[in-house]
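Comments concern the structure below.
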Amino acid sequence: MPKSNHKSTTMKPLFFSLAVVSLLTVLQGCVSNDDIPLAKDPQMIKLTSPVLINSDSTILEMSDYFLRPNQIDSLETDPTLIATISSDSARMIIKPTGKDFPKLSQMKIWSKGFSYSLLLEKSTKLYYRFTFNPRNKKYKHVQIKGQMNEWNPSAGYLFEKDGKWHIDFHLFPGRYQYKLILDGKEKSDPDSRDSVGNGSGGYNSLLTLGNLNSTTLPNLFTLKADGRKLMIGLKNKADSIFVFWQNHLLDQKFLSKDSSGVTINIPRKAKEFERSFIRVWAYNNAGISNEILVPLQDGKALTDPKKITRADREAMIMYFLMVDRFKNGNPSNDQPIKDPQIDPKVNYMGGDLAGINKAIEDGYFTNLGINTLWISPITQNPLVGFNEYPAPHRKFSGYHGYWPIALTAVDTRFGAKEDLHTLVNDAHNKGMNVILDFVSHHVHQDYPVLKVHPDWITQLDLPGNRKNLRLWDEQRLTTWFDVFLPTFDLTKPEVANMVSDSAAFWIKEYNLDGFRHDAAKHVPESYWRLLTKKLNTGVMVPEERSVFQIGETFGSRELVGSYINPGMLDAQFEFNLYWDVRAAFANDNTSFRDLNYSLQQTFSYYGEHNLMGNVTGNQDMSRFISYASGVLSFNENDGEAGWKRDIQVKDSVGYRKLACLQAFNMTIPGIPIIYYGDEFGMAGAGDPDNRRMMKFDSLSPREQAQKATTAKLAKLRCANLALIYGDFKTLKVNEKSFVYIRSYFDQVVVVIFNKDKSSRKIDIELPDRYANLQLMANFGRKFDSVKGKITLTLEGNSFEILSNKPE
């Protein structure tokens, strides 16, 4: 969700230009009655999500939505909203005229006689005063840390009044975990009725705000695609329905509405686009509906998954590998650091670009169902090791790539620029994207430019004889990750331009398809806007190709979402959902209800058709299977565990649980991301034990079976549009069972999980429109189906996926 911004700025009022209105009249007279006039050089090149409008004021950065904001002529909004644009056309401020403005409304904007639409969404944020009753106990300081303030106690000081302690919040409806800090001591809230496990063996207090009942919201679903007509169904009454083609709200001449839904006549202009989109939203008094996304192929609904290309972002299945730890394709460039203080597990192991390319040529990724590779940073790192700041101050090499001493040179231990060219070309020929991990936040102290510009970094020394080290929340935009890793001061234009030019170089020079951005929340938003503008104007428009950017941010969904819009990042990793996925599938005592709630929160913040990254794990987390098999405990120091003992799969049930996690990621909206080795169940504790050398041969029978299951799931997703663009609806959820349905017109997928240790009989009732649907079980379980009522038995810790029988 867009973040509210309350900066003061000089504004100029907007007005309707008679010349523009006249020009529009002429243009519209030159097109057919079921078409839309489009500019040859459009202002908006990306689909825009609903813009959140606060109850007081909202400021939009115009460059987030428009390539040339200074060419905006005029705009029109709902009468309950007032919009003005700053004199430099950089920002727009939107203010409600009162509290009662629509939950959804259109803002129509004209530029050079052509119109564009933004969908405005009324914020549901609530003002809430939290109160702590000390019951006559005396405290000097009372703080709260939790999901409502990024777990930052310095942002959670309560004030004392009438013997109680208070703090005011402005929050979205939802559940918020928290802890109290009473004179420096962390405590649970004695007045909280609810608590929830914190994933580390303890419990957090739980605050619930607002009405979380979604049963009366409008529910939209795809019904039928017939040539240039689409039929969208509706359950529960809607006060208004909004239908967009690209960034244009379709008016009544394209629509036929009744109580059962809406029929859409696709604009004829859509035939000129190989890929465009219809999107639909609705609202009523209870709130806003789910989103419908229908991809069009040459102006008609896409119905053949074989027409999907690697440019279709929703269809990406990503594989993340660490270059040094994947495959050694050229031993001649092996250069481990000769230093006895560096343990072999944190030294270079020989993986390189040639090794990745060998895997591409051998069909490893194709056979696994992968269509997008994310490779760890490949910029030159130091040739010697460094002791890390945290105790016990172990010495590491930069094998991982996150200590750059150059921003545009390939590390010699990974190969040469020719190797990268070959890798990208071969991947593209196999129908795969290549996403590069890039570090904009910091650089290594040996970066030569710092000798000339020592002022290009933030301050390490803070007042009070403190070091600005790993102060993730207190000094979010300036903190250093280690004493030898200075943070760039990206608020300085000369620094931001240099770093963003370096990033853009990789896309232009090597024809890469995008970035994974390290430490996104520790980089100012202005930098992401600058980089994205350079990619838009330097690559996307002139080369007519997309560049996908996904960021790494640990924080609340609101913080994560504040970096996602057309002018910054396309997506981020959904770590908040991952924590709940991990808990639900690895921990026998965690309810599926918690996972369903978390998934619905993901939809609430990012939309049902989001591009968020759904990971199996990554280089900073202990391997999922280590928890799931019981060899690793949630309440132990997972980083030290890998140094002190041999972490291997303890119980084969871990494989079953990992398969369930893979099945979940492959069947929900978003981009499934497999961390190398998770396809077969590689074990490992925390960093660096989770970064072992990849294993291709000598897989055990259980590992081979696990890999085959992963490949089958990936290929099932690729072959079924319901799993890529389908609507989502939870059919059943309780402590041990979870059932949901994805549907895309007549294509249906039903996903069933049992997390109990023993077999369970599960009864499922499909929506009425699927009463006569003929389904098949993709993983071999027998089931009964009578008029949309399905019964099947699942063994413990297992899943099944039902889909249409082939005709």
Run the quick spin-label model on residue 362 and residue 805: label points 7 Å from Cα toward the beta carbon, then report their separation in nm to one decimal. 4.1
Among the listed pairs 327/707; 755/789; 95/729; 736/789, give every one whose C-alpha distance is greater than 24 Å. 95/729
Need one number: nm distance between label points at residue 100 and residue 160, each 7 Å from Cα along Cα→Cβ, rounded to one decimal. 4.5
Three-way shape label, segment 608-726, alpha-carbon gyration tensor, a/c 1.5: prolate
How much FRET efficiency would the formula 1/(1 + (r/R0)^6) give for residue 715 and residue 141, where r is the Cβ-Cβ distance and R0 is 60 Å, rounded to 0.05? 0.60
Sort all Cα-Cα distances of segment 344-394 into consecutive 10 angstrom bins from zero, then give the percent of pairs in each bin up to the one containing the longest distance. 17, 37, 26, 17, 3
Within the chain, helix-based [θ] at 222 nm, where runs of 4 or more DSSP H residues each add -39,500 (n - 2.57), nearest 500: -5500 deg cm²/dmol
Of 200, 798, ordered by accessible area with the largest first and a 1.4 Å probe, the sequence is 200, 798
FRET efficiency estimate (nearest 0.05) - Cβ-Cβ, residue 730 to residue 700, R0 41 angstrom: 0.70
Kindly rank 416-422, 116-122, 253-259 from highest to lowest mean number of other beta carbons found within 10 Å of each residue. 116-122, 416-422, 253-259
Fully extended, how many nm does the chain gain between residue 559 and residue 633 (0.36 nm per residue separation, minus their Cα-Cα distance)? 23.7 nm
HN-Hα couplings for segment 538-550 via Karplus (6.51, -1.76, 1.60; θ = phi - 60°), in whole Hz with x for Gly/Pro, come out as x, 10, 4, 6, x, 9, 6, 9, 8, 10, 8, 10, 10
Leaving out ligands and nucleic acids, and using a 1.4 Å probe, what accessible area per residue does the chain come to in Å²? 41
Measure off, as a whole percent, the carbon and sulfur share of the 1.4 Å-probe accessible area of segment 523-657, all protein chains present. 44
Can you give the Kirkwood hydrodynamic radius of segment 451-578 from its Cα pairs, in Å with one decimal? 15.7
Is there a pair in 99/521; 306/430; 112/300 whose C-alpha atoms are over 21 Å apart, and which pairs would that be? 99/521; 112/300
Largest-first ellipsoid semi-axes for segment 100-186, taking √(5λ) over the Cα gyration tensor eigenvalues, angstrom: 42, 13, 10
How would 723, 38 line up by accessible area, probe 1.4 Å, largest first? 38, 723
Give me the distance in nm between label points sitting 7 Å out from Cα along the Cα-to-Cβ direction at residue 409 and residue 170, one decimal. 4.9
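The values are calculated or read from the model by the stated rules, or taken from the named source; none is laboratory data. Since this is a predicted model, take the numbers as computed values, not measurements. All Cβ positions, even for glycine, are placed from backbone atoms using ideal geometry, and neighbour counts span all protein chains on display. Side chains are part of the model used for accessible areas, which takes the heavy atoms of the whole protein and leaves out ligands, DNA and RNA. Shrake-Rupley method; radii C 1.70, N 1.55, O 1.52, S 1.80 Å.
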